[in-house]
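Peer 1: Below is the structure I would like to discuss, written out as structure tokens.
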Amino acid sequence: MSTNISNPELDALPEIRKDEILTKYTTFQVGGPAAYFLETNNSDLIEKAVKIAIKNQIPYSALGGGSNILVSDKGFNGLIIKLNSTACEFVEPDVLEADAGTSLAKVIRTSLSHNLTGLEFAVGIPGSFGGAIAGNAGTSGHGIAEYVEKLKYLDKNGVLRICEKKQLDVSYRYTRFKYTPTEIIISASLKLKIGNPTESQTLIKAALEKRSWQPKGAWCAGCIFKNPVNNVAGKLIDEAGLKGKKIGGAKISEEHGNFLLNTGHATAEDIVILISFVKQQIRDQFGIQLEEEVRYLGF
């Protein structure tokens with residue numbers, strides 16, 4: 001399937017690609033093409049591309065590690081900016097700054113290598129640093145956004161701005177950047193504390209044990225649903241007897257109910273239908289409305 005947007009200014013940008021299939025850029029391994037696809041770490045180039053898109057009313061969105069996102073089978077009829085970086089450095093002994101496209105795993109490793117504590121809970125969480133901040137990735141007790149000191153982002157007009165911690169609007173699995181694809185995180189700094197290596201290893205072991213029941217090597221986007229207040233989504237799905245439920249190539253994991261898997265030939269439509277079915281069953285059986293943690297793109 002091809003897209004139908006053409007723009008000479010975007011065509012002229014270095015490294016721009018057209019009709020790039022997004023499947024390989026997501027952990028769900030589904031999704032159609034992006035009309036325009038730009039993979040870069042150059043903030044000036046990102047800013048230029050965004051301003052062209054805004055001027056020409058072309059939809060655009062950033063893409064990090066590709067986890068926690070579901071791309072439509074029809075793709076995205078606009079500009080996808082794939083943030084790709086390894087930049088991660090200390091600006092102060094206890095302040096770590098990294099590009100949004102740097103992997104969360106590298107940020108965690110860098111902090112631990114300097115005996116800083118705070119991020120141990122996030123060991124094993126996939127995806128990019130920027131995506132983790134936008135969705136406040138973490139556990140029921142901690143989220144990475146609580147450690148953000150400030151971040152740089154492009155606003156909806158393509159202007160580079162600073163967002164201070166108090167402006168992030170942090171809550172469970174949420175910051176103000178979660179559902180605003182026209183605001184793109186460029187980089188962020190974390191304020192951490194000097195820790196004890198032995199204590200950090202204990203916390204890391206606990207985090208890994210907590211994730212030991214998660215599907216290994218599967219095509220999925222992580223947890224599909226947020227935990228409802230005073231409840232656990234995976235537990236509800238298990239109690240509803242939905243583990244192993246399959247629609248097309250999409251299946252609820254038999255290891256953990258809050259993981260929806262692409263068994264090898266799923267379409268985005270299969271996944272959407274299965275998500276809707278689960279929500280309906282949980283609503284009918286328990287009177288609880290589940291809310292997706294995954295972000296939709298191109299629907």
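We did not get these values from a lab; they are worked out from the coordinates using the rules stated. Nothing here was measured: the structure is a model prediction, and the numbers come from that model. Glycine gets a Cβ as well: all are built from the backbone with ideal geometry, and neighbour counts include every protein chain shown.
Peer 1: Going by average Cβ neighbours within 10 Å, how do the peptides 192-203, 146-157, 29-40, 273-284 rank, with the highest at the top?
Peer 2: Highest mean packing first, the order is 29-40, 146-157, 273-284, 192-203.
Peer 1: Please list, or write none, the lysines whose alpha carbon is within less than 26 Å of the alpha carbon of Lys166, excluding same-chain residues fewer than 8 places away.
Peer 2: Lys106, Lys150, Lys152, Lys156, Lys178, Lys191, Lys193, Lys226
Peer 1: Pick from Lys246, Lys106, Lys166: which is most flexible by mean-square fluctuation in a GNM of the chain where alpha carbon atoms under 10 Å apart are linked?
Peer 2: So, out of Lys246, Lys106, Lys166, the one fluctuating most is Lys166.
Peer 1: Then there is this: Pull up the DSSP beta bridges for the stretch 55-202 and report the antiparallel fraction as a percent, rounded to 5.
Peer 2: Taking every DSSP beta bridge within the stretch 55-202, about 85 percent pair in antiparallel fashion.
Peer 1: Please give me, ordered by residue number, the chymotrypsin sites (Phe, Trp or Tyr not before Pro) of the stretch 156-189 that lie in loop per DSSP and have at most 16 other Cβ atoms within 10 Å.
Peer 2: When the chymotrypsin sites (Phe, Trp or Tyr not before Pro) of the stretch 156-189 are filtered for loop state and at most 16 Cβ neighbours within 10 Å, Tyr172, Tyr179 remain.
Peer 1: Using +1 on the beta carbon of Lys and Arg, -1 on that of Asp and Glu, and nothing else charged, what's the dipole of the stretch 120-174 about the Cα centre, debye to 20?
Peer 2: I would put it at about 200 debye.
Peer 1: Report the relative contact order of the chain, percent, no decimals, based on alpha-carbon pairs under 8 angstrom and at least 6 residues apart.
Peer 2: That works out to 18 percent.
Peer 1: Given the DSSP H assignment, sum -39500 (n - 2.57) over each helix run of at least 4 residues in the chain and divide by its residue total; what's the result at 222 nm in deg cm²/dmol, nearest 500?
Peer 2: When only DSSP H runs of four or more count, the value is -7500 deg cm²/dmol.
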